[in-house]
Amino acid sequence: MRMDINAVQRVYRRYAPAYDFYFGAMFQPGRREIIARLDCRPGDRILEVGVGTGLSLSLYPRHVEITGIDLSREMLVRARARRRCQHLKHVVALRLMDAEHMQFADNSFDKVVAMYVVSVTPHPARMTDEMRRVCKPGGELFIVNHFHHANSLVGGVERLAAPFSHVMGFRPDFSLEHFIDETGLDVAARIPVNALGYWTLLRCRNNKRSRAGVAPMPALA
Ligand SMILES: C[S@@+](CC[C@H](N)C(=O)[O-])C[C@H]1O[C@@H](n2cnc3c(N)ncnc32)[C@H](O)[C@@H]1O
């Protein structure tokens, strides 16, 4: 079941005070793995969509510029406090913004990252299109998420839990194959991460194709 923006904001308002306790250590290997694979060059501009309470921010090297956005005011308040307390000067902005409708110009970032967000946002393909748009051509998109499990027992439990997505704050039965099909993502690597490899890290080239696989029209003169 798809959530709407209000449901996402409601759930993460509720999660925010205890989010780090429940999802901090458990998801940290996936966060570390993405940042290790970013191959950050000095001055790289990196966007993290759905930055949440900012658990990843201290993991980025100090020679890059990080911008984080999130839909939840309460999650962002914590990310801003973390930036302040830990003196994270490489974090240049933390903004309240919908990743499906970003206010950044085309080609603003070298790399765009989404950690545990694609099964939360109401329209994952719309968010992916926006990630592509704001990322430079030849840049990279990095996504880590839980996807529907192939094992029939685990997959069955996920399907049973699916109607409660709006309470849990994510879709447990989110299919990787469907996501790749729908988005046309150019996946360069799929890496299992976190406990039992139950989550997947996707490293994708920014091929700048739209979902239908058609190159965007050049601007009219
Ligand atoms: C499961 S949390 C992950 C937070 C963080 N990335 C982490 O590693 O802990 C999902 C986050 O995505 C945010 N989110 C969901 N949909 C979004 C959207 N369309 N635009 C911006 N943020 C979104 C939620 O508000 C929430 O903070």
In nm, give the distance between the simple-model label positions of ALA195 and MET26, each being 7 Å from the Cα along the Cα-to-Cβ direction. 0.7
Quick one: length gained pulling ILE5 to ALA93 fully straight, 0.36 nm per residue minus the C-alpha distance? 29.5 nm
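Using the per-residue mean of other Cβ atoms lying within 10 Å as a proxy for protection, in what order, highest first, do the peptides 129-135, 13-19 fall? Don't skip to the answer; put the middle values down first.
Values: 129-135: 22.3, 13-19: 14.9.
So the peptides 129-135, 13-19, ranked by packing, come out 129-135, 13-19.
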What percent do you get for the relative contact order of the range 99-154 when only Cα pairs under 8 Å and 6+ apart count? 46
Kirkwood Rh over alpha-carbon pairs of the range 1-67, then Stokes-Einstein at 4 °C and 1.567 mPa s: what D in µm² s⁻¹, rounded to an integer? 95
When ligands, DNA and RNA are left out and all protein chains stay put, how many square angstrom of accessible area per residue does the range 1-147 have with a 1.4 Å probe? 43
Given the C-alpha atoms of the range 5-205, compute the convex hull and give its volume per residue in Å³. 110
So, for the Cα atoms of the range 52-143, Rg and Dmax in Å stand at 12.8, 35
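Probe radius 1.4 Å, ligands and nucleic acids ignored: give me the carbon and sulfur share of the accessible area of the range 5-205 as a rounded percent.
On the way: 5080 of 9050 Å².
Of all accessible area on the range 5-205, carbon and sulfur atoms account for 56 percent.
The values are calculated or read from the model by the stated rules, or taken from the named source; none is laboratory data. All of these numbers come straight from a predicted model, not from anything done at the bench. Here the Cβ is made from the backbone with ideal geometry for all residues, glycine too, and neighbour counts use every protein chain on show. The protein model used for the area step is the full one, side chains on, heavy atoms only, and it has no ligands, DNA or RNA in it. Shrake-Rupley method; radii C 1.70, N 1.55, O 1.52, S 1.80 Å.
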